[in-house]
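Notes for the one structure printed next.
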């Protein structure tokens with residue numbers, strides 16, 4: 001099972017480290033990351049393997065929100081993400 005994490009907000013040092021570190025603490029394996037900085041804005045999409053994760057998706061989102069700060073963060077199961085973005 002996989003999940004998608006999206007992070008959007010003002011660029012700052014250490015965003016990727018904070019997100020990946022929080023995932024590691026929850027035993028979620030980072031599979032793929034894409035990120036962009038558009039002027040002063042940061043956008044990232046991360047795909048994680050949640051098979052051995054030690055918490056639920058809602059708890060992971062809470063931890064990410066707490067650890068990363070003033071960023072907009074969403075965590076959702078891959079199936080929900082795919083359904084929402086199917087044309």
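General observations
- For the stretch 2-84: relative contact order, % (alpha-carbon pairs under 8 angstrom, 6 or more apart): 44
- Highest mean first, the peptides 70-81, 25-36 sorted by other C-beta atoms within 10 Å per residue fall in the order 70-81, 25-36.
- Helical contribution to [θ] at 222 nm, DSSP H n ≥ 4, -39,500 (n - 2.57), averaged over the chain, rounded to 500: -10000 deg cm²/dmol
Throughout, read-outs are computed from the coordinates displayed, never taken from laboratory work. None of these values were measured; they are calculated from a predicted model. Here Cβ is always computed from backbone atoms with ideal geometry, including for glycine, and neighbour counts include all displayed protein chains.
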